[in-house]
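The values are calculated or read from the model by the stated rules, or taken from the named source; none is laboratory data. The model shown is predicted, which means the values in this text are computed figures rather than measured ones. For neighbour counting, all protein chains shown are included, and Cβ atoms are generated from backbone atoms with ideal geometry for every residue, glycine included. These area figures cover heavy atoms from the full protein model, side chains too; ligands, DNA and RNA do not enter into them. Shrake-Rupley method; radii C 1.70, N 1.55, O 1.52, S 1.80 Å.
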Amino acid sequence: MAIFFKLVFFCLLVLTQSLVLVSKYTEDQNTDRKSLISFKNALKTTKVLSSWNTTSHHCSWVGVSCQLGRVVSLILSAQGLEGPLYPSLFDLSSLTVLDLSYNLLFGEVPHQISNLKRLKHLSLGDNLLSGELPSELGLLTQLQTLQLGPNSFAGKIPPELGRLSQLNTLDLSSNGFTGSVPNQLGKLIGLQLLDLGNNLLSGSPVTLFKLESLTSLDISNNSFSGPIPPEIGNLKNLSDLYIGVNLFSGPLPPQIGDLSRLVNFFAPSCAITGPLPEEISNLNSLSKLDLSYNPLKCSIPKSVGKMESLSILYLVYSELNGSIPAELGNCKNLKTLMLSFNSLSGVLPEELSMLPMLTFSADKNQLSGPLPAWLGKWNQVESLLLSNNRFTGKIPAEVGNCTALRVISLSSNMLSGEIPRELCNAVELMEIDLDGNFLAGDIEDVFLKCTNLSQLVLMNNQINGSIPEYLAELPLMVLDLDSNNFSGTIPLSLWNSLNLMEFSVANNFLEGSLPAEIGNAVQLERLVLSNNQLGGTIPKEIGNLTALSVLNLNSNLLEGNIPVELGHSVALTTLDLGNNQLCGSIPEKLADLVQLHCLVLSHNKLSGSIPSKPSLYFREASIPDSSFFQHLGVFDLSHNMLSGSIPEEMGNLMFVVDLLLNNNKLAGEIPGSLSRLTNLTTLDLSGNLLTGSIPPELVDSSKLQGLYLGNNQLTGTIPGRLGGLCSLVKLNLTGNQLHGPVPRSLGDLKELTHLDLSYNELDGGLPSSVSQMLNLVGLYVQQNRLSGPLDELLSSSMAWKIETMDLKNSLEGPVPRSGICLNLSKISLAGNKDLCGRILGLDCRIKSFNKSYFLNAWGLAGIAVGCMIVALSTAFALRKWIMRDSGQGDPEEIEERKLNSFIDRNLYFLSSSRSKEPLNFKEVEGGNLVGWVSQKIKKGQTADVLDPTVSADSKPMMLQVLQIAAVCLSDNPANRPTMLKVLKFLKGIRDE
């Protein structure tokens with residue numbers, strides 16, 4: 001009986017425990033179910049989780065896997081989930097796999113993640129998660145895979161990750177982690193894949209080189225610095241190494257050669273210097289090597305030829321020198337060789353001919369010699385890029401044997417001769433770029449067999465003949481024939497192409513007219529026909545080209561009106577019709593071209609007013625297709641016959657950079673609205689009939705570099721606020737009716753190189769602040785009513801940059817013996833009858849002296865003063881020398897008088913009948929008077945500089961005197977002789 005009761009008690013105990021277990025089991029299942037529902041409810045998008053409902057068991061839900069009713073795996077990768085990581089998710093205590101990668105999850109990782117003690121694989125990459133990583137991740141000690149990149153995590157990498165001893169994959173790439181790599185990561189001895197790329201990590205990565213089990217290491221795109229540690233040689237199991245785009249210094253350590261299993265080594269742009277270690281040749285398994293964008297500054301080591309597994313070698317922008325080693329021919333598997341943008345020289349070694357080359361790029365080097373015929377042996381090559389070198393001779397016909405060739409670029413070399421017809425035996429050719437050579441002949445049938453050709457660039461050569469009809473039959477998308485000697489007409493069939501997107505044939509000798517068929521080329525995005533001899537009118541059908549972004553017809557013989565239909569070309573960003581014979585008014589529809597940011601209609605015969613309707617052009621901040629955009633912000637209507645006023649509406653063209661309305665018949669006042677053009681760098685309104693005052697608001701255009709308001713009818717004073725245009729380089733207000741003083745504030749224009757205030761009614765003195773304009777090259781204030789002294793104005797600070805200065809006014813007082821006045825050939829003081837000073841040879845104390853003889857109306861401030869100084873010195877020296885004999889009839893004294901007489905007569909001759917304005921910038925024939933005389937003497941054209949009335953026997957003497965005068969007026973004071981040397985020269989002339 002006792003046994004029976006014991007048995008019953010045992011059964012009841014087992015039953016009770018079972019009921020407890022069942023209850024706990026059921027409770028855990030319900031917890032898992034509630035956790036999943038809570039996670040779903042927190043998401044913004046739940047369509048993909050429609051199966052997560054109350055009518056079905058949670059183990060049958062999408063992405064959910066269970067064991068014994070408990071959720072052990074949740075995989076919802078790339079399901080478009082959007083929302084936070086709701087904390088209830090981490091109540092799934094039996095979870096071993098959690099993959100929510102490639103979604104739109106955001107927010108921080110909750111600290112409750114520590115509940116997932118059984119988790120082995122955690123993948124949250126390719127989301128929008130942020131914040132710092134919780135240190136609780138270090139409690140997931142069963143974790144084998146941790147993939148958290150890319151996201152937007154920040155802060156430092158938690159050192160607690162070093163506790164994850166089971167980890168074999170750690171991916172923290174493409175986040176915003178900062179600081180150094182924690183030393184604790186060096187304890188993850190089982191780690192095989194480590195990706196820390198694309199972060200903001202710094203310091204040295206040396207602790208990572210303890211992880212000897214690593215097969216793949218990526219620390220690229222960070223800020224690691226210092227030399228690459230020799231401990232890198234510990235990673236003997238490494239097959240993939242990515243360390244590019246960092247701040248390392250010094251060369252690669254020799255220990256790099258110990259990575260015998262390395263297959264891929266990418267180290268571009270990480271400041272590695274040369275020379276490359278010879279041990280790099282020990283990488284027998286290496287297939288891909290990229291050391292581009294490093295300042296190697298060495299030659300390619302010959303030992304590279306020992307790397308027989310090498311298939312891809314990138315050494316672009318590596319400052320390499322020397323020649324291409326022939327030993328590269330030993331790399332029998334080399335298929336891609338990129339050597340562009342270096343300083344390699346010499347010829348292409350023939351040893352490369354046996355390589356199974358697919359891509360060979362050596363453009364932007366200094367390679368020379370003829371293009372070798374053996375290039376034709378590369379029957380697998382697809383890209384051959386040799387532009388910007390020094391290759392000479394002809395293009396070898398054997399290149400046509402490269403039957404797989406798709407792209408060939410030989411531009412910017414010195415190739416000559418005709419383009420070989422055999423080139424298109426390479427029938428796969430899609431792109432041919434031969435521009436910038438000396439190629440000649442015609443192309444009548446050269447490209448006939450290139451039936452796959454989509455891009456043909458032949459610009460800047462000497463090709464002649466007509467544009468062949470067959471080009472229209474090729475699938476060309478880009479046809480660039482600029483700057484050759486093509487003649488005849490454009491084939492009519494070319495306009496029927498449905499593929500052509502770019503057609504440029506500028507700077508040739510094409511003639512004929514533009515046909516109505518031009519409207520059929522509806523794919524055209526860029527059409528450049530400038531600098532030809534095209535005539536007739538612009539056909540209205542051009543408005544059919546709705547994809548057209550650039551239209552340039554500049555410098556032709558086009559006439560008639562601008563077609564209104566151009567307003568239908570809604571994609572236009574550049575419209576250049578300048579330098580033709582177009583007439584009529586400017587169509588208002590052009591103002592509706594929303595993307596237009598360059599409008600050039602200059603040098604035509606356009607009339608009427610500037611469109612004043614509310615405009616849409618020059619307003620967009622960005623251009624949809626800027627690849628074809630030229631001359632951003634140019635609005636040029638200059639040199640026409642436009643009339644009326646400048647519309648206020650122009651102040652709304654916010655992205656105008658150069659506003660050129662000069663040389664028209666515009667009247668009225670300058671609108672103050674132009675001050676709203678905050679991007680304006682050039683404003684040219686010169687040569688019109690504008691009236692009123694200069695708007696002081698123009699100072700708001702803070703980027704203005706050129707302001708040209710000359711030759712109008714402007715009145716009032718010069719606004720002092722103009723001194724606030726700190727970027728101004730040129731200011732031209734000539735030929736107006738401005739009065740009042742020159743503002744002192746102009747001296748604040750430190751960048752100004754040219755200042756022209758001439759031909760106005762300005763009065764007062766020139767402010768001394770002008771001498772602070774240290775970059776001034778030209779100063780023109782002539783024909784005003786300026787007065788006062790020059791002392792403070794012409795400071796030494798202006799001495800060496802100034803080219804010309806015209807001060808023809810009513811200035812007075814002494815001319816200083818410093819600064820620009822050290823070189824009177826650069827300054828005109830003509831018309832200032834009250835100037836004096838020793839440098840002019842005029843004693844300021846002698847008021848009755850007739851100074852105007854020396855300051856003639858042609859600004860003879862150069863050769864006249866020099867010659868007079870020489871003449872006076874000569875007279876003084878000769879008189880003193882002659883005085884040792886007191887004879888009045890001495891022949892030497894008579895000779896001296898003749899010399900002085902000849903000098904005086906020739907001075908008058910040069911200043912009147914052969915005047916040469918000395919104020920212009922240096923041009924041909926010497927530029928100013930001194931240069932002109934010097935050039936004439938050098939060329940033996942003495943008849944132009946000597947008075948014909950001077951006797952023949954005295955002309956040699958006069959030429960020598962003029963030569964001495966020119967030396968005395970040398971631009972460099974150091975080259976000017978002393979008066980003692982001048983005296984010796986003159987004595988020598990007399991003695992002869």
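Applying the Kirkwood pairwise sum to the alpha-carbon positions of segment 288-351 produces a hydrodynamic radius of 11.7 angstrom.
Projected label points at Ala373 and Gln142, each 7 Å from Cα along the beta carbon direction, are separated by 7.4 nanometres. The label point for Ser287 and the one for Lys540, both projected 7 Å from the Cα toward the Cβ, are 6.4 nm apart.
One equal scatterer on each Cα of segment 36-157, no solvent, Debye formula: the resulting log10 I(q)/I(0) at q = 0.14, 0.20 Å⁻¹ is -0.55, -1.18. The calculated FRET efficiency for the pair Glu350 and Ser152, based on their C-beta separation and a Förster distance of 51 Å, comes to about 0.40. Annotation: extensible slack from Lys665 through Glu761 equals 32.3 nm (criterion: 0.36 nm per residue apart, minus Cα-Cα distance). Between Met641 and Glu132, the contour length at 0.36 nm per residue exceeds the Cα-Cα span by 176.4 nm. Remark: segment 137-183 carries 34 Å² of accessible area per residue (probe radius 1.4 Å; ligands, DNA and RNA excluded). Element breakdown for segment 340-441 at a 1.4 angstrom probe: carbon and sulfur atoms account for 50% of the accessible area. Remark: accessible surface ordering of Lys47, Lys297, Lys288, Lys377 (largest first) is Lys47, Lys297, Lys377, Lys288, probe radius 1.4 Å. Between Asp442 and Ser493, full extension at 0.36 nm per residue minus the direct alpha carbon distance yields a gain of 16.4 nm. Solvent-accessible area of Arg118, all protein chains in place: 140 Å² (probe radius 1.4 Å, heavy atoms, ligands and nucleic acids excluded).
Among Thr178, Thr403, the order of accessible area from largest down is Thr403, Thr178, computed with a 1.4 Å probe on protein heavy atoms.
Residue ranking by accessible heavy-atom surface, 1.4 Å probe, largest first, among Cys598, Cys66 comes out as Cys66, Cys598. Sorting the Cα pairs of segment 165-279 by distance into bins of 10 Å, from 0 upward, gives 15, 51, 31, 3, 0 percent per bin. Name the shape class, rounded, prolate or oblate, that the alpha-carbon gyration tensor gives for segment 519-677, where a ≥ b ≥ c are the square roots of its eigenvalues, rounded holds for a/c under 1.5, and otherwise prolate holds if a/b is larger than b/c and oblate otherwise. It comes out oblate by the Cα gyration axes. Would you tally the net charge around Ser239, using a Cβ to Cβ cut-off of less than 15 Å, leaving Ser239 out, and scoring K and R as +1, D and E as -1? Charge balance in the 15 Å sphere: -2.
Take the residue pairs Lys120/Lys187; Lys332/Lys364; Lys34/Lys156; Lys187/Lys306 and return only those whose Cα atoms are more than 28 Å apart. In this structure, Lys34/Lys156; Lys187/Lys306 lie more than 28 Å apart at Cα. Accessible surface for segment 276-429, divided over its residues, is 38 Å² per residue with a 1.4 Å probe. Extending 7 Å from Cα along the Cβ direction at Glu319 and again at Ala271 yields two label points whose distance is 1.2 nm. Can you give the FRET efficiency for Ser609 and Glu517, using 1/(1 + (r/R0)^6), R0 = 25 Å, r = Cβ-Cβ distance, to the nearest 0.05? Using R0 = 25 Å, I get an efficiency of 0.15. Protein heavy-atom accessible surface, 1.4 Å probe, per residue over segment 539-593: 31 Å².
Computed from the C-beta positions of Ile189 and Ala404, the FRET efficiency with R₀ = 51 Å rounds to 0.60. How large a share of the accessible area of segment 496-575, in percent, is made up of carbon and sulfur atoms when the probe is 1.4 Å and the other protein chains stay in place? So the carbon and sulfur contribution to the accessible surface is 46 percent.
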